[in-house]
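The values are calculated or read from the model by the stated rules, or taken from the named source; none is laboratory data. All values derive from a computational prediction rather than experimental measurement. Please note: Cβ atoms are built from the backbone with ideal geometry, for glycine as well, and neighbour counts cover all protein chains shown. Accessible surface areas use protein heavy atoms only, side chains included; no ligands, DNA or RNA. Shrake-Rupley method; radii C 1.70, N 1.55, O 1.52, S 1.80 Å.
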Amino acid sequence: MIIAAHQPNFIPWLGLFYKIYKCDKFIFVDDVQISTNNGIAAHRNIIKTPQGILYVRVPICRHSKTNYNEAQINYKEPWIKKLEKTLYLNYQKAPYYEEVMSWFMEVCKTEYEYLSELNIRIIEDICKRFDMDRGFEKSSDYHIEGKKGEMVLNLVKTFGGDTYYSGTGAADYLREEDFEKEGMKLIFSDYSTIRYKQIWRNNIDDLSVLDYLFNCGFKNPFVDGNQGVI
């Protein structure tokens, strides 16, 4: 069984969905620290505008603890209305704007308490529409011990895996020999940027999954013929 895992980022890039596509079971590592900038969650959440890229974020309460599953979303800030307006201004002419926007705003307006709940809902919804249901789990439900490489090994053991599918960013602390000692395999992602027809001129690589959805709809981008490649 191939296991993959990642933090539940907000509207992440397609590279994360490729990891899900390549595994048998995907684990949301939700009990780790998030990256913040003045109380605002910051991840790979870049959209495209006529002027270039724009980061969109979800504010969290300043008193919140810093793990994904403990960070409370700050609904005192009108971030949903701001995000809705931003997406309208930049994607209203996209081919799948109405379909994608209707779904996305329904999710955002559900008002989940914690950042991890919102992010996981978004990712799972997209995966279901991509026909990529992987029996998702959350690491916080299992209290997996260790840090970095040790934690990953324990995670694979916990879920009965024999192979770990990793992003290339973990290459500095994951070693094949550590997995081999446990009778496991380590595979690093072979993801390459998917290019598709975008609105506005000058295509930009590795944007948020939302950019792909607005331009191409809920078609699995990893199935031949679905990408609208240019």
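Couple of notes before you dig in:
- Restricted to region 11-26, and to residues there that are of a type outside the set (A, V, I, L, M) and in a loop (DSSP other than H, G, I, E, B), the residue that is surrounded by the fewest Cβ atoms within 10 Å (Cβ to Cβ) is D24.
- Extreme residue, least open to solvent (accessible area, probe 1.4 Å), among residues of region 69-96 that are charged (D, E, K, R) and out of contact with any Ser or Thr (no Cβ under 8 Å at 6 or more places or on another chain): E84
- Entry remark, region 39-58: residues being of a type outside the set (G, A, S), in contact with a Lys or Arg (Cβ under 9 Å, 6 or more places away or on another chain) and at pLDDT below 90 number 3 in total.
- Filter result for T66 (within 19 Å of the chain's Cα centre (by Cα) and surrounded by fewer than 18 Cβ atoms within 10 Å (Cβ to Cβ)): yes
- Helices (runs of 4 or more DSSP H) within region 115-228 that include 1 or more residues open to solvent by 80 Å² or more (accessible area, probe 1.4 Å): 115-129, 149-158, 176-181
- K65 vs. criteria basic (K, R) and at pLDDT 95 or above: no
- When residues of region 97-114 are limited to those that are in contact (Cβ under 8 Å) with a residue 40 or more places away in the chain and open to solvent by 80 Å² or more (accessible area, probe 1.4 Å), the one nearest to I199 (Cα to Cα): E99
- Among residues of region 117-139 being at pLDDT 95 or above, of a type outside the set (D, E, K, R) and out of contact with any helix residue (DSSP H, G or I) (no Cβ under 8 Å at 6 or more places or on another chain), the one that is nearest to M184 (Cα to Cα) is I120.
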